[in-house]
Amino acid sequence: MAKGIYLVLLLCLCACGTESLPDQAYLGGQIINPSSKTVSLFKNNKRLDSIVLDENNRFFKSYDSLDYGIFKFEHLPESQSLIIEKGDSLWFRTNTTDFNSSLVFSGRGSAKNNFLMEIYLALQNETRFLSSKYSRNSIEFGQIIDSLLQAKRNNWILFDSLNDLTPSAKIISQAAYVYPYANRKERYALIRGRDNVKEQDSTYFNFRKYLNYGERELAYFEPYITYMLNFLNQEALLMDENFFQAKNKTDFNIRRLAIIDKLIATEELRNNLARTVAYEELINFKNFKEHERFLKYFLTVNTSQDYFAEILSLQASLMKMQVDQPLPEIMLQNTFLEKSTSTSVLKGNHTVLYFWSQTQMNHYKRTQERVKDYENDYPGYRFVGICIQPQNKLVYDYQKVMEIDTANQFAIVDFENASKKWVLTLLNKGIVIDENGMILEGFGNFYSSSFTDVLEKNKP
C-alpha cells in the first residue's frame, strides 16, 4: 500500500510539464532523525492537519481543496513557512540535527520554496556580520543594508525570469527578502534612537514609502509580521523614550494596540498583530498585575473570538504558574520509555527543572556544564532535565557518552499540552518547586544571575 501511495506522488511530481494543473495539492516528505512522530500543517495560525510518520519516517497527504498561499509546516520544535498553490506536488527531506540547512524541496512548486529557504539561510548567515555594523552612523548602516538588499533583488529578478510565478508567489518571494532588510533598518533606529538617526540622515526612513502596511497576502508571513512589529515599536515610542526600557511596560503595549487600531485596516493583519502584541505583554510575567487592564483594551482592537479565547487561556495558564501554586501535572517519559506523571516523578525534593531540545545538542552540553556548577553550589536541590521531545536512541546514546545521570533526565510526552500548562516559550526557562510540588519560581531564566538569587532564597 505504501509503495502505491509514493508511486502516485512520483507521478504527480513528474507531471510538472503539463499545462493543466490538477485541483489537488500533494505534500509529502521524509524526516531524518525525527524529534516527534508527527508533522503538522498550519494556515492562518490554525492547525489544518497532523500527519503521522510511517515506519520509514515518511509522510504523504493529498488535499482536494486548500486556501492556497502561505502555510506553516511544523515538526516540533522546528517549523518553516511554505508556499502551496493549486497543483503543487511538494516533497521535502530534512534532518532534524540541522533542520533548516538540510531542508530541500523537490517536485512541482519546489522552486519557490527552495528560494524561500535560500533567502532565510542567507539572512541567518548575515546576522553576525551585521551585528558589528550597528556602531556605524545611520548613513553608513543604511548603505550596507541597501547593498545587501540589492544583491537579493538581483537574485530574485533572475529567479523570477526562470520560473512561471503566480502573482501571489511573486508577492511572497519578494517579501521574503524585502521586509527582513526593512526590519533591520527599523531595529537599528530603535537601538540608536530615532531622533539621532534622523539628525545623521534625514532620508533614512524613506524606505517606508515602498512598503505595504496593509498587505492581506502577508498577514501571517513571519518576515512581514516581524517587520510590522518593529514598525509599531518605533511608532509607539514617546519623545526621548528608550525602547529597551519602554518595551517592558504595559503602557507601551497598549500604545502599540492603539496604533494598530488607527493604522491597520486589514482585519486579518490587524488581529494577528494584536494577538502577537498580547503574547508579548502576557509573557512579560513582571507585568502580571497589569494584564487585566491590557486585556480590556485588547478586546476593543481584536475582532477574532478564537484569538481572544487563546489569549484568555494563556492568562489562565500564567495564573496557575504563580508562586505557591501546585505545578500543573503533565506526562513525562524516562530513558527506558516508561511514562509517569510529573507529580509522581518530581515529588520529595526541592527541584529545579531546566529544558533542552534534541535539535540543539550544543545548548544541552552547555546546560549540563551549568547544572554541575549549580549542583556544587546548591547541593540541597535536585536538578532535573526535561527534553521537549519524546525520548529516542540518539538522546540515549548521547547521554551515555557524556556520562549524564539519566535518573534525572526525562522527556515531555505531549509538548503541545505541556507547553500550555507550564507556559514553555523559551529553552532557557527554569522552574523551581518545593518537596510538595508547590511553585517557588515559575518563570525563571536558568542562565541569569537572578536565578541564583531564587535558589539562594529558597534553598532547603
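The residue that is modelled with the lowest pLDDT, among those in the stretch 36-64 that are assigned to a loop (DSSP other than H, G, I, E, B) and either of a type in the set (A, V, I, L, M) or farther than 26 Å from Tyr307 by Cα (or both), is Ser36.
Condition check for Ile119 on (1) part of a helix (DSSP H, G or I); (2) at pLDDT below 90; (3) surrounded by 15 or more Cβ atoms within 10 Å (Cβ to Cβ): one failure, at (2). Quick check on the stretch 70-108: of everything there that is of a type in the set (Val, Ile, Thr) and more than 19 Å from Lys170 (Cα to Cα), which residue is farthest from the chain's Cα centre (by Cα)? My answer is Val104. Condition check for Asp373 on (1) over 26 Å from Glu435 (Cβ atoms); (2) free of Cβ contacts under 8 Å to residues at least 24 places away in the same chain: one failure, at (1).
Scanning the stretch 337-396 for residues that are surrounded by 21 or more Cβ atoms within 10 Å (Cβ to Cβ), over 19 Å from Tyr447 (Cα atoms) and modelled with pLDDT of 90 or more, we see that the one that is farthest from the chain's Cα centre (by Cα) is Leu346. Quick check on the stretch 256-274: of everything there that is of a type outside the set (Val, Ile, Thr) and crowded, with 20+ Cβ neighbours inside 10 Å, which residue is nearest to Asp240 (Cα to Cα)? Looking at the filtered set, the residue picked out is Arg256.
The set of residues in the stretch 378-391 that are of a type outside the set (Gly, Ala, Ser) and in contact (Cβ under 8 Å) with a residue 60 or more places away in the chain comprises Tyr378, Tyr381, Ile388, Gln389, Pro390.
Pick out, from the stretch 291-377, the helices (runs of 4 or more DSSP H) lying fully within it that include 3 or more residues that are over 24 Å from Pro460 (Cβ atoms).
Working: elements: 291-301, 305-320, 342-346, 361-377.
Result: 291-301, 305-320, 361-377.
Residue pairs whose Cβ atoms lie under 7 Å apart, sitting 6 or more positions apart in sequence or on different chains, and linking a residue in the stretch 101-130 that is on the phi > 0 side of the Ramachandran plot to a partner that is polar (S, T, N, Q) and surrounded by 17 or more Cβ atoms within 10 Å (Cβ to Cβ), are Gly107/Ser89; Gly109/Ser89.
Can you tell me which residues in the stretch 245-282 are closer than 20 Å to Gln305 by Cβ, in contact with a helix residue (DSSP H, G or I) (Cβ under 6 Å, 6 or more places away or on another chain) and aromatic (Phe, Trp, Tyr)? Once the filter is applied, which keeps residues that are closer than 20 Å to Gln305 by Cβ, in contact with a helix residue (DSSP H, G or I) (Cβ under 6 Å, 6 or more places away or on another chain) and aromatic (Phe, Trp, Tyr), the stretch 245-282 yields nothing. Contact annotation: residue pairs with Cβ atoms under 7 Å, 6 or more positions apart or on different chains, pairing a residue in the stretch 256-277 that is farther than 15 Å from Phe231 by Cα with a partner that is charged (D, E, K, R) and part of a helix (DSSP H, G or I), are Thr266/Arg216; Glu268/Arg216. Residues in the stretch 197-231 that are surrounded by 16 or more Cβ atoms within 10 Å (Cβ to Cβ) and either touching a Phe, Trp or Tyr at 6+ places or on another chain (Cβ under 7 Å) or not in a helix (DSSP H, G or I) (or both): Val197, Asp201, Glu215, Leu218, Ala219, Tyr220, Phe221, Pro223, Tyr224, Tyr227.
The values are calculated or read from the model by the stated rules, or taken from the named source; none is laboratory data. Keep in mind that this is a model prediction, so the values were computed, not measured. Virtual Cβ from ideal backbone geometry, glycine too; neighbours counted across all protein chains shown.
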